[in-house]
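S.K.: Sharing a structure below in structure tokens format, with a few things to ask.
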Amino acid sequence: MNFDYTEEHLMIKQAARDFARKLEADVIERDRTATYPTAHVKEMAELGFLGMMIDPKYGGGGMDSLSYAIAIEEISKIDSSVAVIMSVHNSLVSYGVEKYGSEEQKQKFLPRMATGEHIGAFLLSEPEAGSDATSQKTLAEDKGDHYLLNGTKNWITSADNSSIYLVIAQTHPDKKHHGINVLIVDRHSPGISLGAHEDKMGMRSSDTHSVMFTDVKVPKANRLGEDGFGFTFAMKALEAGRIGIAAQATGIAAGAYERALHYSKERKSFGRLICEHQAIAFKLAEMYLKIENARNLVHKAAWLKDNNKPYSLAGSMAKLYAADIAMEVTTEAVQIHGGYGYVKEYHVERLMREAKLTQIYEGTSEIQKIVISRSLIKQK
Amino acid sequence: MNNVLIYTENFDGKFKKSIYEIASYGSEIARQLGGQAIAISLGDVAEGELKSLGTFGISKVLTASGDLFDTFQNLPYAAAIAQAANQENAGVIIFSASNIAKAIAPRVSVKLKAGMVFAATGLPSNLNPFTVPKKVFHGKAFADVVVGSERKIISLSQNSFGLREHPADIVIEALPTETSTASAIRVIDTQKASGKILLNDAEIIVSGGRGLKSADNWQPIEELAEILGAATACSRPVSDEGWRPHSEHVGQTGKIVAPNLYFALGISGAIQHLAGVSSSKVIVAINTDKDAPIFEAADYGIVGDVQKVLPQLNDAFRKFKAEN
Amino acid sequence: MKILVCISNVPDTTTRIKLSSDQNAIDLSNVQWIINPWDELALTRALELKESSGGSIESVSIIHVGNAGSEATLRKALAIGADDAMRVDAAPADAYAVAHEIAEAVKDKNFDLILCGIESSDYNGSAMGGMLAEFLNMESVSSVSKLEIEGAEIKLNREIAGGYEVIAAQAPVIAIVQKGIAIEPRIPSMRGIMMARKKPLVVVPATGAKALTEFVHYTPPQPKAACKMIAADNPAELVNLLHNEAKII
């Protein structure tokens, strides 16, 4: 066992922290106006956060999942909108293409994804297929040399600001989820239109839309894996994505905790700093413990993945626990701030709104419990 | 080696208060050592101005002027000071902790193998071992530095030693200098603001921060500075935003100042800012946030919006100035 | 052209300074170490110059005097973009000894431009760069707030009381730089971080240069009296207090 970070891990943490400090300047305003962080995403690309795990031969940083989790956590302490743009691009889309794409596909798509010139979006959810991903209604009809795509996808992060869509769609409805494919789709193909910008509770600075496909032609060469691989692919990608979301939730909790700790050491009541009141001090102790537990689960899942060991159970546990404690810790952080916590200036109410989404997306907390319990029952 | 040599830097031919401070300071050290306090002045300074050093205990001024010393160049300046130290058998060489001292004192240190203390805050606490106080970590702690070399160099912080008059008979003597210290460095242009009070000289500084909200809101700051004869300054975010020039930035990475009175207006008081102003004798803070750290460093505070409070405060100062 | 940047390793500038119980040392346990802020700006400017030089600046090297513990700081400088690093293996006893060691390490290396920060944020000595210039018998310009390379000429702004001078210099020269030389230090990129370990970090044996000064004792600053609060609608009271109580106006 070794819990030490490498020199690189510490440098990545500091770099992510320094980058996140710049997000702080306009995070409240972007949250209020639901404005996409264009300049910040550009800088994030320049710093290499968008290609950090991609193999250097395709222009990436070649870093491990632990590095990625560390970076996501630091950025999420300040701004989860930016973190989710990074997370979807890295751990769903880039990971998916790199892990399951052909050499030709990798050479074609990865270099520009590594530099962040092309941002990725992941299109799985549908109006009637959220957690139940098997019932895909979007059709990818086999037309010989191409697929013809028709249908609607929901809740798509970066739908408007991405260039590459990974679309999960049904080709052989009779085969149910064994008939599903995953296609790399140019976001600017004819026949793609976007629904309205979703007016979200939190992570408001990332853009979320529904996406409609009407007779969109996709070359066969853009299919990832064998015919019918799509559902397995989606599940594998989500498995990897959970580590990123768990790291994000841990970051949200840690960001709220840091602000609460700081506030409690400045604010006085009844003649003492409020951190000296046991009611507050015990809250801080519990918050810190929960964050440390979440971080350990996240880092263990990342370590398993980096060492090519099964990480599905560990990833689900990390995501479930981190999301739940993010909700608890941010709620307590608001409580510690009192009235100040309920106004936007102090950030913790925003972190609380952001935390809620981590219990919902990329597999709800309830889905994680299904994954975990099934995994336990299957074990001998 | 009981003599003390004091480099009396001039500003357009005049000595500033900080020079009389080091004259007083050097004379006091010479008295303790049982030696003479000797000044060295480089460049053109009128005789009357040179003689004014006598008021503060200087018994001799060495001078050198001419082409080599017309504009500041660190090679001939450092060479002349080291030469004077040798000629006068000076064991202690004193500078005022200015930009010029930063340029030449280290060179003199190497020439004379003299250990150096930059930005000393007072007299040596001990002559043997020679121990000098200074601030470290920009005022977050004070330290005693022992200088172990036979010769010692001290650059004294401005505003840290009061003037002490010890009128002495003063002689002016030319220092023979080399004429061929050619330099590959040329000054091709000089830009100086005229009529403005310089930050490092100012007894009062009026400093604005992000609380002013925009570059357009500096008028009342300028007004207050004018009423009080103060210099204007700003915090780091303000100079980073380009609202004010970098030369006005006070703080750890900007200028370190030590005025008698410092107004922190709309400045929250980040630790790096406080490091640059903590030597001020009195700090006044105006800020909307009653929990802002500036109030821990301040002597007098007003919780309020600086844009609303400042015009009223200016009126109050105007009234005071009219009556006093 | 070859550029050298001198790097000092200092506690993070937000560190709260704690003294050892005998007050003869500063307690540096649990301190986060960083590149001295002025040195970091110097490095940033050096990298900007190299990038815009069209290849005429072949390398930006860094040098540091310190123990192995400071290698993480050097690696960060490499991650930001320095090409190679030298660490003179000695505890940095004082500016004189550090300058002497650096001079011995680089005297035969023909650097055209050497950049040093105007001071270090720990001991605030403002000495090393000027001493190095004297040891190497090189021209130097201090208080530099702007630096450009125009052909064979190096143009610098030197801050002086009330303004600045524009100076033209020829290589080799030492520039001792301050605020303004670069706007903002760089964040290392992910690629830079991964490449840092592959860049040379050479450990140079120390020559045993002697220090001339020693910090022997520390005292914390005097705690300040509580701030006296004045009502926002009564600024005349502030004027009164400054006049009659503080006797400052």
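S.K.: First select every other residue whose beta carbon is under 12 angstrom from the beta carbon of C:Ser52; then total the charges, Lys and Arg +1, Asp and Glu -1.
M.R.: Neighbour charge sum, excluding C:Ser52 itself: -2.
S.K.: Starting from the 7 Å offset along Cα-to-Cβ, what nm value, one decimal, do you get for the label separation of B:Asp70 and A:Thr38?
M.R.: Each label point lies 7 Å from its Cα, and together they span 5.5 nm.
S.K.: From the helices alone, meaning DSSP H stretches of at least four residues, give me the mean residue ellipticity at 222 nm for the protein assembly as shown, per-run term -39500 (n - 2.57), in deg cm²/dmol to the nearest 500.
M.R.: Counting only the DSSP helices, I get -11500 deg cm²/dmol.
S.K.: In square nanometres, what is the average projected area of the Cα convex hull of segment B:28-71?
M.R.: Mean orientational projected area (segment B:28-71, Cα hull): 3.4 nm².
S.K.: Next question, about the same structure. Could you put B:Glu150, A:Glu198 in order, starting from the residue whose Cβ has the fewest other Cβ atoms within 10 Å?
M.R.: Result, fewest neighbours first: B:Glu150, A:Glu198.
S.K.: Now for a different question. What is the order of C:Met194, A:Met63, B:Met116, A:Met327, fewest Cβ neighbours within 10 Å to most?
M.R.: A:Met327, C:Met194, A:Met63, B:Met116
S.K.: I would also like to ask the following. Kirkwood hydrodynamic radius, computed over distinct alpha-carbon pairs, for chain C: how many Å, to one decimal?
M.R.: When all Cα pairs of chain C are included, the Kirkwood radius is 20.0 Å.
S.K.: Let me ask something additional. Determine the equivalent ellipsoid of segment A:156-235 by diagonalising the alpha-carbon gyration tensor, then write out the semi-axes as square roots of 5 times the eigenvalues, largest first, rounded to whole Å.
M.R.: Semi-axes, largest first: 25, 15, 11 Å.
S.K.: Then there is this: Using a 10 angstrom cutoff on alpha carbons, build the Gaussian network for chain C and name the most mobile of C:Leu43, C:Leu238, C:Leu115.
M.R.: Largest GNM mean-square fluctuation: C:Leu238.
S.K.: Once the other residues with Cβ under 10 Å from the Cβ of B:Ile286 are scored (Lys, Arg +1; Asp, Glu -1), what is the net sum?
M.R.: In short, 0.
S.K.: Using θ = phi - 60° and the Karplus relation 6.51 cos²θ - 1.76 cosθ + 1.60, list the HN-Hα couplings for segment B:69-78 in order, rounded to whole Hz, with x at every Gly or Pro.
M.R.: Karplus-based 3J(HN,Hα) across segment B:69-78 equals 10, 4, 10, 5, 9, 6, 5, x, 5, 5 Hz.
S.K.: Hey, another quick one. For A:Ile119, which sequence-distant residues (separation of 5 or more, or a different chain) have an amide H within less than 5 Å of its own amide H, given hydrogens modelled in the peptide plane?
M.R.: Under 5 Å from the amide H of A:Ile119: A:Ser163, A:Ile164.
S.K.: So, how do all the Cα-to-Cα distances of segment C:144-245 break down into 5 Å bins, in percent, from 0 on up?
M.R.: Taking all Cα pairs of segment C:144-245, the binned fractions are 2, 7, 8, 7, 7, 10, 15, 13, 10, 6, 6, 5, 3, 0 percent.
S.K.: Please report Rg over Rh for chain B, where both radii come from the alpha carbon positions and Rh follows the Kirkwood definition.
M.R.: A ratio of 1.01.
S.K.: Please give the average number of partner chain Cβ atoms lying within 10 Å of the Cβ of each residue in A:197-209, rounded to a whole number.
M.R.: Mean number of neighbouring Cβ atoms from other chains: 0.
S.K.: State log₁₀ I(q)/I(0) for segment B:1-77 at q = 0.13, 0.19, 0.21, 0.25 Å⁻¹ as given by the Debye formula over alpha-carbon point scatterers of equal weight, solvent excluded.
M.R.: -0.36, -0.74, -0.88, -1.13
S.K.: Find the Rg to Rh ratio for chain A, where Rh is the Kirkwood radius over alpha-carbon pairs and Rg uses the same atoms.
M.R.: Rounded to two decimals, Rg over Rh is 0.98.
S.K.: Further question on the same structure: Just the Cα atoms of segment B:204-323: what Rg and Dmax do they give in Å?
M.R.: Cα radius of gyration and Dmax of segment B:204-323 are 12.9, 40 Å respectively.
S.K.: Which angle from 0 to 90°, rounded to the nearest 10, does the C-alpha axis of helix A:230-264 make with the longest principal axis of chain A?
M.R.: Orientation of helix A:230-264: about 20 degrees from the principal axis.
S.K.: Considering just Cα atoms, how many Å³ per residue does the convex hull of segment C:5-57 enclose?
M.R.: Once divided by residue count, the hull of segment C:5-57 is 77 Å³.
S.K.: Further question: Can I get the semi-axes of segment B:123-280's equivalent ellipsoid? Compute them from the C-alpha gyration tensor as square roots of 5 times the eigenvalues, in angstrom, largest first.
M.R.: Over the Cα atoms of segment B:123-280, the ellipsoid semi-axes are 34, 23, 18 Å.
S.K.: Then there is this: Report the net charge of residues surrounding B:His138, where surrounding means a beta-carbon distance below 12 angstrom and charges are Lys +1, Arg +1, Asp -1, Glu -1.
M.R.: Local charge sum for B:His138: +2.
S.K.: Could you tell me what fraction of 2.2 N^0.38 Å the Cα radius of gyration of segment B:207-246 comes to, as a two-decimal ratio?
M.R.: Compactness ratio reported: 1.08.
S.K.: Right, something else. What's the angle, to the nearest 10 degrees (0 to 90), between helix A:365-378's Cα axis and the longest principal axis of chain A?
M.R.: Around 70 degrees separate the two axes.
S.K.: Another question, then. In sequence order, what are the phi-derived ³J(HN,Hα) couplings for segment A:333-349 according to the Karplus relation 6.51 cos²θ - 1.76 cosθ + 1.60 with θ = phi - 60°, rounded to whole Hz, with x for glycine and proline?
M.R.: Calculated HN-Hα couplings, in order: 5, 4, 4, 4, 6, x, x, 5, x, 8, 9, 5, 4, 9, 6, 5, 5 Hz.
S.K.: Spin-label point model (7 Å from Cα, Cβ direction): what's the C:Met229 to A:Met235 distance in nm?
M.R.: Going from the C:Met229 label point to the A:Met235 one covers 6.2 nm.
S.K.: In addition: Normalised radius of gyration for the protein assembly as shown, please: alpha carbon Rg relative to 2.2 N^0.38 Å, two decimal places.
M.R.: 1.08
S.K.: Considering only C:Gly66, C:Gly130, C:Gly151, give the residue with the highest GNM mean-square fluctuation for chain C, with springs between Cα atoms whenever their separation is below 10 Å.
M.R.: Of C:Gly66, C:Gly130, C:Gly151, the most mobile in the Gaussian network model is C:Gly151.
S.K.: Give me the distance between the Cα centres of segment C:13-27 and segment A:115-155, rounded to whole Å.
M.R.: 60 Å
S.K.: Mind checking which of B:Asn287, B:Asn128, B:Asn314 has the largest fluctuation in a GNM of chain B, springs on alpha carbons under 10 Å?
M.R.: Answer for the Gaussian network model of chain B: B:Asn128.
S.K.: Give me the inter-chain shielding for A:261-269: mean count of other chain Cβ atoms within 10 Å, whole number please.
M.R.: Partner Cβ neighbours, averaged per residue: 1.
S.K.: Taking 2.2 N^0.38 Å as the expected size of a compact globular protein, what ratio does the Cα radius of gyration of segment A:246-285 give against it, to two decimals?
M.R.: Here the Cα radius of gyration is 1.31 times the empirical estimate.
S.K.: While we're here: Full-extension gain between B:Leu123 and B:Gln32, please, as 0.36 nm times their residue separation minus the C-alpha to C-alpha distance.
M.R.: 31.7 nm
S.K.: What does the structure give for C:135-142 when I average, per residue, the other chain Cβ atoms found within 10 Å of the residue Cβ?
M.R.: The mean count of partner-chain Cβ atoms within 10 Å per residue comes to 4.
S.K.: Can you put B:Ile58, C:Ile176 in order, fewest other beta carbons within 10 Å first?
M.R.: B:Ile58, C:Ile176
A short reminder: the numbers here are calculations on the coordinates, not readings from a lab. Predicted, not measured: the structure shown is a model, and the values here were computed from it. Cβ sites come from the backbone with ideal geometry, for glycine too, and all protein chains shown count toward neighbours.
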